[in-house]
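The values are calculated or read from the model by the stated rules, or taken from the named source; none is laboratory data. Every value quoted in this text rests on a predicted model; they were computed, and no experiment measured them. For neighbour counting, all protein chains shown are included, and Cβ atoms are generated from backbone atoms with ideal geometry for every residue, glycine included.
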């Protein structure tokens with residue numbers, strides 16, 4: 001597939017976004033090159049600790065403020081980090097020190113918090129998925145465009161050495177023209193270990209919306225955008241039992257599909273077969289495989305930043321490791337925030353809103369196809385994200 005015409009942007013309209021009027025503050029210059037970017041976080045749940053550790057070691061980022069519905073939880077979360085002020089959401093949005101709002105709320109609240117930040121004139125970086133629905137995500141993108149601020153979204157695991165080394169192998173033509181891929185995630189469900197797993201089993205959750213962003217973002221990074229999907233889905237249980245924490249033994253309702261499978265038709269012509277499940281005990285299938293005319297690749301777990309990339313050429317017995325050749329080294333959750341915050345004005349961030357919107361539409365369309373029985377065209381597209389050279393994560 002290489003870097004040529006097979007990966008050109010599709011002529012469909014991008015993300016259904018109306019072009020905003022040009023304003024004096026539109027496409028602002030952004031943060032000073034080489035300067036520090038101040039981060040205000042909303043939502044101090046389980047994932048925040050990983051972000052905070054990464055922010056603390058990246059010289060370009062500085063955590064200045066934190067907000068949560070439970071202020072005591074916010075205080076405990078930021079206790080190891082000096083100089084972080086705990087405040088209400090409204091106070092954080094009004095704080096002139098905050099350059100970027102890091103939105104770590106549950107998916108159902110992503111749009112509400114992002115729109116508040118956009119209205120305050122701040123860039124926003126969301127945990128995945130971008131929003132609970134495509135309609136909400138579209139509103140966020142239009143608002144950001146009109147306000148002249150930027151919108152970004154996790155996952156940033158695709159910027160690590162695992163996916164990026166695989167991407168370089170494809171770009172260098174090592175596997176020839178890609179023709180197919182498989183992506184498999186099989187687990188019994190997060191209620192076994194998460195003390196408050198309710199949001200995994202309501203709209204905006206489920207295996208596809210929870211774990212699909214990792215896999216589909218990697219697939220778009222490797223193979224380019226998607227033009228059509230067809231899916232099938234079911235749920236095996238109407239209730240789940242919490243397995244740990246103070247609510248252990250409590251049953252929670254399941255209102256989303258917990259096993260989703262489908263086929264993604266990429267603009268390049270490659271076909272991906274996808275399985276996302278909270279209903280299986282285990283699997284020996286690789287997380288992602290990419291098959292080309294000359295060779296096949298095993299791509300590391302897209303929920304991680306690193307891992308070995310394996311290749312087997314036509315006629316070769318077994319697999320060989322590819323040397324690490326691209327991506328941020330020793331990255332952690334938050335490296336995408338740094339990459340986003342430090343992307344020059346006028347350049348689409350690697351973890352930008354158009355990519356996250358495209359991934360969300362793919363997922364929503366898979367579920368729609370599963371219930372209609374018909375293939376669904378994807379109306380949005382995005383540029384294939386720029387590759388990452390082999391760099392220490394501190395160089396973001």
(Q) Let me spell it out: the conditions are (1) surrounded by fewer than 18 Cβ atoms within 10 Å (Cβ to Cβ); (2) outside any helix (DSSP H, G or I); (3) modelled with pLDDT under 95, and residue 132 meets all of them except one. Which number is the exception? (A) (1)
Q: May I ask you to list the residues in segment 135-159 that are out of contact with any strand residue (DSSP E or B) (no Cβ under 6 Å at 6 or more places or on another chain) and surrounded by fewer than 24 Cβ atoms within 10 Å (Cβ to Cβ)?
A: 135, 136, 138, 139, 142, 143, 145, 146, 147, 148
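Just to be sure I understand, how many residues within segment 106-129 are part of a loop (DSSP other than H, G, I, E, B) and closer than 24 Å to residue 50 by Cα?
In the first step, residues of segment 106-129 are kept if they are part of a loop (DSSP other than H, G, I, E, B); the result is 106, 120-122, 127-129.
Pick out the ones that are also closer than 24 Å to residue 50 by Cα and you get 106, 122, 127-129.
Final tally of qualifying residues: 5.
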Q | Unique residue being buried (at least 18 other Cβ atoms within 10 Å of the Cβ), on the phi > 0 side of the Ramachandran plot, in contact (Cβ under 8 Å) with a residue 60 or more places away in the chain and assigned to a loop (DSSP other than H, G, I, E, B) when the list is 307, 269 | A | 307
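Would you say residue 174 is touching a residue at least 12 places away in the same chain (Cβ under 8 Å), at negative phi and in a helix (DSSP H, G or I)? So that I can check it myself, show each step before the final result.
Working: touching a residue at least 12 places away in the same chain (Cβ under 8 Å): yes; at negative phi: yes; in a helix (DSSP H, G or I): no.
The answer is no for residue 174.
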Q. Looking at (1) surrounded by 24 or more Cβ atoms within 10 Å (Cβ to Cβ); (2) farther than 30 Å from residue 290 by Cα; (3) assigned by TED's automatic domain parsing to the domain that holds residue 266, which is the one condition that is false for residue 167?
A. (2)
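Residues checked against (1) touching a helix residue (DSSP H, G or I) at 6+ places or on another chain (Cβ under 8 Å); (2) buried (at least 21 other Cβ atoms within 10 Å of the Cβ); (3) modelled with pLDDT of 95 or more:
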position	(1), (2), (3)
55	yes, yes, yes
61	yes, yes, yes
67	yes, yes, yes
71	no, no, yes
97	no, no, yes
104	yes, yes, yes
108	yes, no, no
111	yes, yes, yes
Q: Could you tell me whether segment 278-287 includes any residue that is in a strand (DSSP E or B), closer than 18 Å to residue 359 by Cα, in the same structural domain as residue 367 (by TED's automatic domain parsing) and under 22 Å from the mean Cα position of the chain (by Cα)?
A: no
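Can you confirm whether residue 334 is surrounded by 24 or more Cβ atoms within 10 Å (Cβ to Cβ) and either without any contact (Cβ under 8 Å) to a residue 24 or more places away in the chain or on the phi > 0 side of the Ramachandran plot (or both)?
Values: surrounded by 24 or more Cβ atoms within 10 Å (Cβ to Cβ): yes; either without any contact (Cβ under 8 Å) to a residue 24 or more places away in the chain or on the phi > 0 side of the Ramachandran plot (or both): yes.
So residue 334 passes the test.
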Q.
I'm told residue 368 meets every condition in (1) touching a strand residue (DSSP E or B) at 6+ places or on another chain (Cβ under 9 Å); (2) surrounded by fewer than 21 Cβ atoms within 10 Å (Cβ to Cβ); (3) under 20 Å from residue 126 (Cβ atoms) except one. Can you identify the failing condition by its number?
A. (3)
Q) If only one of 260, 256 is assigned to a strand (DSSP E or B) and touching a residue at least 40 places away in the same chain (Cβ under 8 Å), which one is it? A) 260
